[in-house]
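Pasting in a structure now, in structure tokens, and then I'll have a few things to ask.
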Amino acid sequence: MLCSPLFWQIRYLVTNLTKKNFKSSVAELNQLIDLYGHDARLFLLNCLVEETDFKESKNQRDAQKILLLANELGQVLQAPNFISTISQVFGTLVAPGGAWA
């Protein structure tokens with residue numbers, strides 16, 4: 001089981017993602033994923049989907065998050081467990097009490 005400080009750091013990096021800190025934040029996120037594996041990537045995907053406003057088509061504030069989400073989905077797409085990973089991410093969000101419930 002992963003520790004809360006890891007989740008806090010991932011959420012912090014996603015929440016504060018800007019064009020200026022994009023490269024360093026992505027590098028740190030990749031390090032965390034390399035260290036902690038699938039659960040860290042799953043939490044990152046959850047954070048990206050929760051923190052991104054998809055309703056605003058001209059929302060420049062979330063452009064970096066959308067770029068990172070697209071990159072992460074591309075990484076997950078190549079994994080043999082792609083379907084289960086996507087199901088876990090969106091299942092959590094749609095479940096009662098989730099971000100999209």
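Since every read-out is calculated from the coordinates, none of them should be taken as a lab result. Because the structure is a prediction, the values reported are computed rather than measured. Reconstructed Cβ throughout: ideal geometry from the backbone, glycine too, with neighbour counts over all protein chains shown.
Region 1-88: D in µm²/s via Stokes-Einstein (Kirkwood Rh, Cα pairs, 25 °C, 0.890 mPa s)?
Diffusion coefficient, whole number: 184 µm²/s.
How high is the relative contact order of region 4-94, in percent, with contacts defined as C-alpha pairs under 8 Å that are six or more residues apart?
Once normalised by length, the contact order is 32 percent.
Given H placed 1.01 Å from N in the peptide plane, which residues other than close sequence neighbours of Thr52 have an amide H under 5 Å from its amide H?
Amide H neighbours of Thr52: none.
Per DSSP H run of n ≥ 4, the term is -39500 (n - 2.57); total these for the chain, divide by its residue number, and report the mean residue ellipticity at 222 nm rounded to 500 deg cm²/dmol.
Taken over the chain, the calculation gives -22000 deg cm²/dmol.
Specify the residue with the greatest mean-square fluctuation among Ile33, Ile66, Ile83, computed from a Gaussian network of the chain linking alpha-carbon atoms under 10 Å apart.
With Cα springs under 10 Å in the chain, the top fluctuation among Ile33, Ile66, Ile83 is at Ile83.
What are the ³J(HN,Hα) couplings of region 15-30, residue after residue, when phi is run through the Karplus curve with 6.51, -1.76, 1.60 and θ = phi - 60°? Round to Hz, x for glycine and proline.
These are the phi-based 3J(HN,Hα) values: 4, 9, 5, 9, 4, 5, 9, 4, 4, 5, 5, 5, 4, 5, 4, 5 Hz.
When the dipole is taken about the Cα centre of the chain, and only Lys, Arg (+1) and Asp, Glu (-1) are charged at their Cβ, what size is it in debye, to the nearest 20?
300
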